[in-house]
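Accompanying notes for the structure given below.
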Amino acid sequence: MRIDVLTLFPEMFQGPIDASILGRARAAGIVDIHLWNIRDFAHGKHRQVDDYPFGGGAGMVMKPEPVFNAVRHVLGGEAAPVILMSPQGEVFSHRLAEELSRENRLVLVCGHYEGVDERIREALVTRQISIGDYVLTGGELPAMVVIDAVVRFLPGALGDAGAVHTDSFAQGLLEYPQYTRPREFEGMKVPEVLLSGNHQRIAQWRREQALRRTLLLRPDLLEKLELSEEDQKLLATIKEELEQADE
Ligand code: 9D3
């Protein structure tokens with residue numbers, strides 16, 4: 001996959017894209033990430049990228065010409081989704097990351113300042129993505145979030161090829177508790193079942209723990225799921241236990 005990022009702050013991306021799994025995926029040729037400075041596509045002596053809003057008001061607005069020039073340059077006549085990182089966008093999710101990972105290329109446009117000229121949305125952008133309901137200073141961190149989540153889905157990006165499909169979010173549940181050595185740390189013991197070697201009991205315990213956690217911490221996730229009969233029984237038992245503990 002090729003990802004082109006258009007931003008006024010390309011240097012913000014260097015750390016995240018060079019490190020860890022993303023860095024390895026780039027080195028392995030699984031993803032090709034190109035960073036472009038929108039200012040390089042601004043003309044005139046001052047290479048101006050923003051200006052005052054027509055009609056007045058606080059803050060600056062990103063001018064259309066540099067962004068149009070930059071997108072047209074990187075696409076070079078090719079077609080690809082042009083995604084504006086924006087607080088008005090569709091809220092990013094595991095499902096959307098998976099969908100985007102099936103594209104051959106993506107163009108991510110990061111706004112800064114108070115916003116971008118509306119004609120960028122009207123005539124250039126094919127979709128808008130937000131990463132959640134809080135105000136950031138720009139679209140750069142959101143773009144990194146999208147890149148990270150999308151690249152995980154690319155074949156070969158993770159060591160274990162099957163891992164993305166057993167992800168907790170792929171199943172709509174939170175993760176079960178994990179332990180590693182030592183068996184006892186400061187008086188806290190690893191649950192006996194995990195040392196038992198009984199893989200069926202372990203799998204059942206983990207499922208029960210994942211359901212329990214999701215019920216306690218993210219009941220909204222459970223509402224969206226269609227649980228198997230076995231899971232429904234487990235969940236009913238957990239709910240009974242919790243009610244008894246309440247009394
Ligand atoms: C004055 C209204 N503001 C909208 C809430 C304007 C505004 C504030 C901050 C416009 C852009 C920004 C910068 N943020 C992003 O570009 C952004 C963002 C975010 O702030 N939160 C979550 N996801 C995203 S994606 C891009």
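The values are calculated or read from the model by the stated rules, or taken from the named source; none is laboratory data. Just so we're clear, the structure is a prediction, and the values are computed from it rather than from any experiment. Glycine also receives a Cβ, built like all others from the backbone with ideal geometry; neighbour counts cover every protein chain displayed. Side chains are part of the model used for accessible areas, which takes the heavy atoms of the whole protein and leaves out ligands, DNA and RNA. Shrake-Rupley method; radii C 1.70, N 1.55, O 1.52, S 1.80 Å.
Residues whose amide H comes within less than 5 Å of that of VAL31, counting only those at least five positions distant or on another chain, are ARG26 (H built at 1.01 Å from N in the peptide plane).
Dipole check for the chain: with +1 at the C-beta of Lys and Arg, -1 at the C-beta of Asp and Glu, and the Cα centre as origin, the magnitude is about 820 Debye.
Taking 20 °C and 1.002 mPa s as the conditions, I'd like the Stokes-Einstein D for the range 184-246 in µm²/s, using the Kirkwood hydrodynamic radius from alpha carbon pairs. Let's see the in-between values first.
Numbers: Rh = 13.2 Å.
Translational diffusion coefficient: 162 µm²/s.
Just want to confirm a number: the relative contact order over the chain, from Cα pairs under 8 angstrom separated by 6+ residues, in percent.
On the way: 326 pairs, mean separation 45.5, N = 247.
Value for the chain: 18 percent.
Between LEU141, LEU221, LEU174, find the one with the highest GNM mean-square fluctuation for the chain; connect C-alpha pairs within less than 10 Å. Answer for the Gaussian network model of the chain: LEU221.
Accessible area per residue of the range 135-247 at 1.4 Å probe, in Å²?
On the way: 7740 Å² over 113 residues.
Normalised by residue count, the accessible surface of the range 135-247 is 69 Å².
Residue by residue, the range 174-186 carries 3J(HN,Hα) couplings of 6, 5, 6, x, 10, 9, 9, 5, x, 4, 9, 10, 6 Hz when phi is fed to the Karplus relation 6.51 cos²θ - 1.76 cosθ + 1.60 (θ = phi - 60°); x denotes Gly or Pro. Summarising the amide proton neighbourhood of ARG105: residues at separation of 5 or more, or on other chains, whose placed amide H is nearer than 5 Å comprise ARG2.
Counting only other residues whose beta carbon sits under 10 Å from that of ARG47, what net charge do I get with K and R as +1, D and E as -1? Provide the component values of the computation, followed by the final result.
Numbers: positive: ARG39, LYS45; negative: ASP40.
Once all neighbours under 10 Å are counted, the net charge is +1.
Of the trypsin sites (Lys or Arg not before Pro) found in the range 91-148, the ones in coil according to DSSP and having at most 15 other Cβ atoms within 10 Å of their Cβ are ARG102.
Shape class for the range 63-133: oblate, because the ratio a/c of the largest to smallest gyration tensor axis (alpha-carbon atoms, square roots of eigenvalues) is 1.5 or more and b/c is at least a/b.
The GNM of the chain, with springs linking C-alpha atoms under 10 angstrom apart, assigns the highest mean-square fluctuation among GLY115, GLY29, GLY187 to GLY187. Straight-line cross-link reach from LYS45 at under 28 Å between alpha-carbon atoms covers these lysines, not counting any fewer than eight positions away in the same chain: LYS63. With θ taken as phi - 60° and the Karplus curve 6.51 cos²θ - 1.76 cosθ + 1.60 applied, the whole-hertz 3J(HN,Hα) list for the range 5-16 is 10, 9, 7, 8, 10, x, 4, 4, 8, 4, x, x Hz, x standing for glycine and proline. Under Stokes-Einstein, with the Kirkwood radius over Cα pairs as Rh, the value for the range 2-151 at 37 °C and 0.692 mPa s is 209 µm²/s.
Looking at the range 9-55, which trypsin sites (Lys or Arg not before Pro) are in a loop (DSSP not H, G, I, E or B) and have at most 16 other Cβ atoms within 10 Å? Spell out each step's value before the answer.
On the way: sites: ARG24, ARG26, ARG39, LYS45, ARG47; in loops: LYS45, ARG47.
Listed in order of number, the matching sites are LYS45, ARG47.
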